[in-house]
Amino acid sequence: MSPITRLADRRARCGDERGFTLVDLLVTMAITAALLSLGASAVRHFWLVRTLEGAADDVRSGMRALHEQATSESHPLVYGARFRVGSNEWYLFQYNPNAATASGWSCTDRTPREGTFQFDGGVRLTAASFTLDAAGATIRTRCASALPGAAASDHYALFYARGDATPGSVTVTQPALAGRTRTVEVLGLTGRVEERT
């Protein structure tokens, strides 16, 4: 084969070998960016949903623990949860009407899970409503003056040693999910705590 034929043959082979063009690379980068954006959005949505579900689970398990603690302790100990609408905090406490104190009663944060808790990820408490009888109203008044950070607008769920509780519900919301909510309900007669859908 002559040198000219070999050169022509090499040029023909080189013309067949094509690399990526700039357009190919730009299209690939655009598709990759779109897929990453969709993936990040899906992960963020999943995380926001989990923070809302986690907040409802925390409230439900905290109040179930209070109910179990109240029924396993001897009378007259009362266990309760305090909620403030618009806040991301809630509080668990114990009330003892026969404590050896100057006032003759005690309201402290000695509970199965002590003190103040916070919702993660921007979750807020948007509604709380509990029906207190006269004894419950007295406990609320006494604990509001004894517990740190208590306010008159706080709502109280109380669990008694006889197994019942103050009926009502708590609603938590994730504002980043267009106001998606979860509601935890306390049944008065049985003290049962369940999530309402």
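Assuming R0 = 35 Å, what is the FRET efficiency of Val49 and Ala100, from their Cβ-Cβ distance, to the nearest 0.05?
So, using R0 = 35 Å, E works out to roughly 0.15.
Looking at the square roots a ≥ b ≥ c of the eigenvalues of the Cα gyration tensor of the stretch 141-197, which shape do they give, rounded for a/c under 1.5, prolate if a/b is larger than b/c, or oblate?
It is oblate, given that a/c is not under 1.5 and a/b is not larger than b/c.
Tell me which trypsin sites (Lys or Arg not before Pro) from the stretch 118-176 have a DSSP coil assignment and no more than 14 other beta carbons within 10 Å of their own.
Listed in order of number, the matching sites are Arg162.
Does the stretch 40-93 come out rounded, prolate or oblate, given a ≥ b ≥ c as the square roots of the eigenvalues of its C-alpha gyration tensor, rounded meaning a/c under 1.5 and, failing that, prolate meaning a/b above b/c?
Because a/c hits 1.5 or more and a/b fails to exceed b/c, the stretch 40-93 counts as oblate.
Do any trypsin sites (Lys or Arg not before Pro) in the stretch 16-115 lie in a loop, going by DSSP, with at most 11 other beta-carbon atoms within 10 Å of their beta carbon, and if so which?
Within the stretch 16-115, the qualifying trypsin sites (Lys or Arg not before Pro) (loop, at most 11 other Cβ atoms within 10 Å) are Arg18.
For Leu187 paired with Met29, estimate the spin-label separation in nm (one decimal), with each label point 7 Å from Cα along the Cα-to-Cβ line.
My value for the distance between the label points is 6.2 nm.
Probe of 1.4 angstrom, ligands and nucleic acids ignored: what's the accessible area per residue over the stretch 74-179, in square angstrom?
44 Å²
Where does the chain land at 222 nm, in deg cm²/dmol rounded to the nearest 500, when only DSSP H runs of n ≥ 4 count, each adding -39500 (n - 2.57), divided by all residues?
For the chain, the value works out to -14000 deg cm²/dmol.
Here are labelled values, (1) 1.00; (2) 0.94; (3) 1.51, and one is the computed Rg/Rh (Cα atoms, Kirkwood Rh) for what I pasted. Which one?
Calculated Rg/Rh (Cα atoms, Kirkwood Rh): the matching label is (3).
P(r) for the stretch 38-151: what percent of alpha-carbon pairs falls in each 5 Å bin, starting at zero?
Histogram of Cα-Cα distances, whole percents per bin: 2, 11, 18, 21, 18, 11, 7, 5, 3, 2, 1, 0, 0.
The values are calculated or read from the model by the stated rules, or taken from the named source; none is laboratory data. The shown structure was predicted, so the numbers you read here are calculated from the model rather than taken from an experiment. Cβ sites come from the backbone with ideal geometry, for glycine too, and all protein chains shown count toward neighbours. The area values use the complete protein model at the heavy-atom level, side chains included, leaving out ligands, DNA and RNA. Shrake-Rupley method; radii C 1.70, N 1.55, O 1.52, S 1.80 Å.
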